[in-house]
1. Restricting to the range 75-95, name every residue that is of a type in the set (S, T, N, Q) and either modelled with pLDDT under 90 or under 14 Å from Leu170 (Cβ atoms) (or both).
2. Only one of Phe63, Phe40, Phe91 is buried (at least 16 other Cβ atoms within 10 Å of the Cβ) and touching a helix residue (DSSP H, G or I) at 6+ places or on another chain (Cβ under 9 Å). Can you tell me which?
3. Show the residue pairs meeting these rules: Cβ distance below 6 Å; 6+ apart or different chains; first residue within the range 207-231 and of a type in the set (Phe, Trp, Tyr) and buried (at least 19 other Cβ atoms within 10 Å of the Cβ); second residue modelled with pLDDT of 90 or more and not in a loop (DSSP other than H, G, I, E, B).
4. Criterion first (of a type outside the set (S, T, N, Q), modelled with pLDDT of 85 or more and either assigned to a helix (DSSP H, G or I) or touching a helix residue (DSSP H, G or I) at 6+ places or on another chain (Cβ under 7 Å) (or both)) does Lys215 satisfy it?
5. Please state which one of Met43, Met130 is modelled with pLDDT under 85 and under 26 Å from the mean Cα position of the chain (by Cα).
6. Out of everything in the range 247-291 that is of a type in the set (S, T, N, Q) and part of a loop (DSSP other than H, G, I, E, B), what residue ends up being modelled with the lowest pLDDT?
7. Which members of the range 25-58 meet the condition of being closer than 19 Å to Glu253 by Cβ and of a type in the set (Gly, Ala, Ser)?
8. Is it the case that Thr77 is without any contact (Cβ under 8 Å) to a residue 24 or more places away in the chain, surrounded by 10 or more Cβ atoms within 10 Å (Cβ to Cβ), farther than 30 Å from Ile242 by Cα and of a type outside the set (A, V, I, L, M, F, W, C)?
Amino acid sequence: MEKRTDFESIERSARIRRRTLKTVTYVLLTVWGLIVLFPFYWMLLSSVKSYSAYNGEYIPKFFTLAPTLENYREAFTAVPLARYFLNTLIFTVCTTAVMLAVTVLAAFAFSRLSFRGKNAAFAIFLSLMMIPAELVIITNFVTITDWHLRNTFWGLILPSVTSVFYIYLLKENFEQIPDELYKAAKVDGTSDMKYLLKVMIPICRPTVITITILKVIECWNSYVWPRLITDDANYFLVSNGIQTIRESGFGRENIPAMMAAVVAVSVPLIVLFLIFHKKIMDGVSRGGTKG
């Protein structure tokens, strides 16, 4: 009886420790989440405050009783923000489509095809990740300039149509598919392209979706290269447009309208991530698992 009482006491203490640890963990995660989300909340709050209300606050207020959408109208009328959105959409769709074609074919070649020097070629290919991005930008700038593609969509798109990391991620995922399946398909007379489209891509769909979403986010947030290769406002992307707004008198004086423009640019990516975040996590975990 005494032993049973001691056992119950130990078990009760263990439950209390687990509950305490769980409570502390959730509290810390909640605090950290609030810290991370606060800048976006402040940006959203500032975007719905009127210009006079924002400038009249000697002590910043964390709420507003008179929200307004006037700042969004001013953001889209003071600068051609709608054109920047269209340019970014064209750039993102075209770059992502070409990148997917290049990545899928390269990953298939490295994972399934047999040719002399494949391992050495892939090792050299991976070593490209060690080259600083600044050196690549300089080389790309010289090449695009020599081809007279500055201030064109082709000049924006071409340097971004491949990614060593995405090819590596998809290759690792392709290699998880049993070789016996590929050999059986070849015995049945299935071509490599048909096998890729009908078997490998459907099986590895989470990783393909992950790569697509990550590339869309990368293109949407692209700043350095578009800023370097374009000085014509007709080809500015939203990131360049936000910088133009900030540098202009409009952006420096009307902070609420500036925040409205930033919110308008940020919302599409946030919605995209919230919709596909499970597939992104699944795709990354599948790409990093062998066997």
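1. Initial filter on the range 75-95 (of a type in the set (S, T, N, Q)): 77, 87-88, 92, 95.
Result: Thr77, single match.
2. The match here is Phe91.
3. Trp220/Thr92
4. Yes.
5. Values: Met43 fails: modelled with pLDDT under 85.
It is Met130.
6. Among them, the one singled out is Thr289.
7. Hits for the range 25-58 are Ser46, Ser47, Ser50, Ser52, Ala53, Gly56.
8. Taking the combined requirement at face value, the residue does not satisfy it.
The values are calculated or read from the model by the stated rules, or taken from the named source; none is laboratory data. Because the structure is a prediction, the values reported are computed rather than measured. Virtual Cβ from ideal backbone geometry, glycine too; neighbours counted across all protein chains shown.
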